[in-house]
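Worksheet: the structure to be examined is printed underneath.
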Amino acid sequence: MQAMVLRGTSLTVEEWPRPTPGSGEVLVRVLAAGICGSDIHAASHLEAMMAETGPTSWYAKVDLTQGVVMGHEFVAEVVEVGPDVAEWSPGDRVVKAPPRETARPLPPRMASAYSSELNGAFADHMVLWEPVLLAVPDNISVEVGATTEPCSVARHATHEAKIEKGERALIMGAGPIGLMALLWLKHDGVELVAISDPVAERRELAADLGADLVLDPSDPAFASDLEAAFGAGPDVVFDCVGIPGIIRQAMDAVRPAGRVIVVGVCMEEDRFLPFVGINKALTITFSVAYTRAEFEETLAAFSSGAVDTTPLVSRTVDLGDLPAEFDRMAGGAQADCKVLVSSAVDASDG
């Protein structure tokens, strides 16, 4: 099968061994996979990321000399079930979520999201552990289904914020996670949600998706516009950017006794003055990933139409074009929101 392989910092599309499902596992055909910002970071900095996170690293099973196939935002179709699999059949559409409670031990090769033993979704096929699977309702499109994982990330962040009735929010960054957080906050009935981003196309998309106020942080009037909208400041500020300096900006913007939710993944050392947080009695929460219940909530919202990520999908590229797409995105291309990857394999091959 075809797969995009990362070795060191080199990306190539090549033949990769098609995995075979073991006991309690299923083989799936990838229908569509989203390119995540963490994938772009990993392509250049995975070795440093592994060194910084040590034994707690999600990347503990990666051997960059052997190669790794990334891709964790996806929707797939079951094509083969291994021994002891009773709940799933070929043709079922699935996503991967945190595992349900089970007495069955996690297979060692399933212990990492990034692994050199089993490939991720930037490939034609992959093997998944049965307890991580969730069914995708028939009325959810492939494009929307592929956004289940990042939309669950955004859902977890909005849950972490613990927003109460009458509170107001600012989202810094109108990328995929920031825009999905916007969708969830408006779904929850938050009356005033502002979003800031220096890219005009992203601000326009945020306005189309229901943002009550869109701001350009590079505009000299940014601070005065923020004060005019929020007075002493928003109750919650979401950092969905992940670059040095944003946490401090969020601390400055939020009201006294407010909350800052850090969702953006900053890959560099950052600096902020703790006194600012102490003076304002702030709470700073680092939000990561999601729960299985949040995955289920996301799929239910997609199915009912309460949340629709269709406008966030900018375009779809072929698997063979993926290395060039990584280079383009790493080079600072920002007009796109969510780019999906499709494999070349079709149902007759699987």
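Nothing in this text is a laboratory measurement; each read-out follows from the coordinates by a stated rule. Note that the structure is predicted; figures quoted are calculated from it, not measured. Using ideal geometry, Cβ is built from the backbone for each residue, glycine included, and neighbour counts are taken over all protein chains shown.
Charged neighbours of residue 52, selected by a Cβ distance under 14 Å, balance to -4 (K, R count +1; D, E count -1). For region 159-265, applying the loop criterion from DSSP together with a ceiling of 12 other beta carbons within 10 Å to the GluC sites (Glu not before Pro) yields 164, 191. Only one item in (i) 1.00; (ii) 1.36; (iii) 1.10 matches Cα Rg over 2.2 N^0.38 Å derived from the coordinates shown, and that item is (i). Computed over the chain, the per-residue total of -39500 (n - 2.57) for DSSP H runs of n ≥ 4 gives a 222 nm mean residue ellipticity of -8500 deg cm²/dmol, rounded to 500. Peptide packing: for 247-258, 97-108, the average count of neighbouring Cβ atoms within 10 Å per residue gives the ranking 247-258, 97-108, highest mean first. For the options 223, 169, 300, a Gaussian network treatment of the chain with springs between C-alpha atoms closer than 10 Å singles out 223 as fluctuating the most. Which percent, to the nearest 5, of DSSP beta bridges fully inside the chain are antiparallel? Bridges in the chain that DSSP calls antiparallel: roughly 55 percent.
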